[in-house]
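The block underneath contains the structure these notes are about, expressed in structure tokens.
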Amino acid sequence: MALTLVHDCPHCGANNVAFEREKIAVRRTHSSRYLHSIFFLCAVCSMPVTITIRSDQNSIDIDRYTGEIRNHFHQQISGIFPKPSPTELPQHCPENVARAFLQAEDALKRENFDAAVAMDRRALELMTKEKAPEDAKKPLVQRIEILSARHEITPALKDWAHNLRTMGNEAVHGVDGLTEDEAESTHEVTKFILTYIYTLPEQVRLAKEKREAGANG
């Protein structure tokens, strides 16, 4: 049994995946100790992570170890790189909208591009129903136009929302599937729309409250 690292992949998002050891490098630090960098490859996407181990020795007979690396070097491990990218969820979204957005981001990391776009469309669907509950039973295309007529979204955001709606339909009903670039751009559009709808107004409201509280204080 080879030496492995069980870790959430920062590249593809796979959880508790077994990384297979690839190679090891070593460098001496200013404190005369050694940092051993051990490279592992994700069994799902084959992308690398590096685990660093502090030691007083300039070499480690790594081949004599088997199983999970933490079982042997837990106290000496100084880091695992790269770190997972933080999720850029727009602030102040309702829970159901946020959940759809996060599911889209997770699918994007796993390269499930059709699923990512479908969930971004769901975030848009839920947002329009939340902002126009009296029109919740109308088609999404109409709800987008209603929000535009109320000036709750700008003309540019209206066009983006319609494009997101179309891409979502393609993700669900299309034959060929969507590309990585299409999924990434759609997710960015979703983030911009949710930021405009939820994040910015709440930030303005909180800033106004703070300013008024300061004036009254």
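Derivation of every value follows stated rules applied to the coordinates shown; laboratory data play no part. Everything numeric in this text was worked out from a predicted model, so none of it was measured. We place every Cβ from the backbone using ideal geometry, glycine too, and count neighbours over all the protein chains shown.
What does the charge dipole of the chain about its Cα centre add up to, to the nearest 20 debye, if the Cβ of each Lys and Arg holds +1 and the Cβ of each Asp and Glu holds -1?
Values: 27 positive and 31 negative charges, 161 e Å.
So the magnitude is around 780 debye.
So what is the relative contact order for the chain, in percent, with contacts set as C-alpha pairs under 8 Å and at least six apart? Working shown, then result.
Working: 316 pairs, mean separation 33.8, N = 217.
Once divided by the residue count of the chain, the mean separation gives 16 percent.
Return one quarter of the surface area of the convex hull spanned by the alpha-carbon atoms of the stretch 129-217, equal to its mean projected area, in nm². Write out the running numbers ahead of the final one.
On the way: hull surface 30.8 nm².
Averaged projected hull area, Cα only: 7.7 nm².
If the label point is 7 Å along Cα→Cβ of Gln75, which residues in the stretch 1-17 have backbone nitrogen under 19 Å from it?
Inside the label zone: nothing.
Suppose a student asked you for the relative contact order of the stretch 139-206, using Cα pairs under 8 Å spaced at least 6 residues apart; what percent would you report? Provide the component values of the computation, followed by the final result.
Working: 27 pairs, mean separation 21.0, N = 68.
This gives 31 percent for the stretch 139-206.
Between Met47, Met119, Met127, find the one with the highest GNM mean-square fluctuation for the chain; connect C-alpha pairs within less than 10 Å.
Fluctuation is largest for Met47.
Which of rounded, prolate, oblate describes the chain, given a ≥ b ≥ c as roots of the alpha-carbon gyration tensor eigenvalues and a/c under 1.5 marking rounded, otherwise prolate only if a/b is larger than b/c?
Numbers: a/c = 3.84, a/b = 1.90, b/c = 2.02.
Cα axes put the chain in the oblate bin.
At 7 Å along Cα-to-Cβ for each site, give me the label-to-label distance between Glu111 and Asp135 in nm.
Those two pseudo-labels are separated by 4.0 nm.
Can you give me the C-alpha center-to-center distance between the stretch 114-176 and the stretch 1-50, rounded to a whole angstrom?
42 Å
Would you be so kind as to identify which of Ser59, Leu102, Ala161 lies farthest towards the positive end of the dipole of the chain, taking Lys and Arg as +1 and Asp and Glu as -1 on Cβ and the Cα centre as origin?
Selected residue: Ser59.
Roughly speaking, what is the stretch gain from Leu200 to Glu95, that is 0.36 nm per residue apart minus the C-alpha to C-alpha distance, in nm to one decimal? The partial results should precede the final answer.
Details: separation 105, 0.36 × 105 = 37.80 nm, distance 1.71 nm.
That pair, Leu200 and Glu95, stretches by 36.1 nm at full extension.
Looking at the stretch 116-153, which trypsin sites (Lys or Arg not before Pro) are DSSP coil and have at most 15 other C-beta atoms within 10 Å of their C-beta? Working shown, then result.
Details: sites: Arg121, Arg122, Lys129, Lys131, Lys137, Arg143, Arg150; in loops: Lys137, Arg150.
Listed in order of number, the matching sites are Lys137, Arg150.
To the nearest 500 deg cm²/dmol, what mean residue ellipticity at 222 nm is calculated for the chain from DSSP H runs of n ≥ 4 alone, each contributing -39,500 (n - 2.57), summed and divided by the residues? Walk me through the numbers before you get to the answer.
On the way: 7 runs with 99 residues, N = 217.
The per-residue figure over the chain is -14500 deg cm²/dmol.
Once Lys and Arg get +1 and Asp and Glu get -1 on their Cβ, which of Leu206, Pro10, Ala183 lies farthest toward the positive end of the dipole of the chain?
The residue sitting farthest along the positive end of the dipole is Leu206.
Where Lys and Arg each count +1 and Asp and Glu each count -1, what net charge lies around Ile80 among other residues with Cβ under 14 Å from its Cβ? Kindly include the intermediate steps, with their values, before the conclusion.
On the way: positive: Arg21, Arg54, Arg70, Lys83; negative: Asp8, Glu68.
For residues surrounding Ile80, the net value is +2.
Among Ser46, Tyr34, Pro86, whose Cα projects farthest towards the positive end of the dipole of the chain, with charges put on the beta-carbon of Lys, Arg (+1) and Asp, Glu (-1)?
Final value for the positive-end residue is Tyr34.
Run down the aspartates and glutamates and flag those whose C-alpha is under 18 Å from the C-alpha of Lys137, throwing out any fewer than 8 positions away in its chain.
Glu125, Glu145
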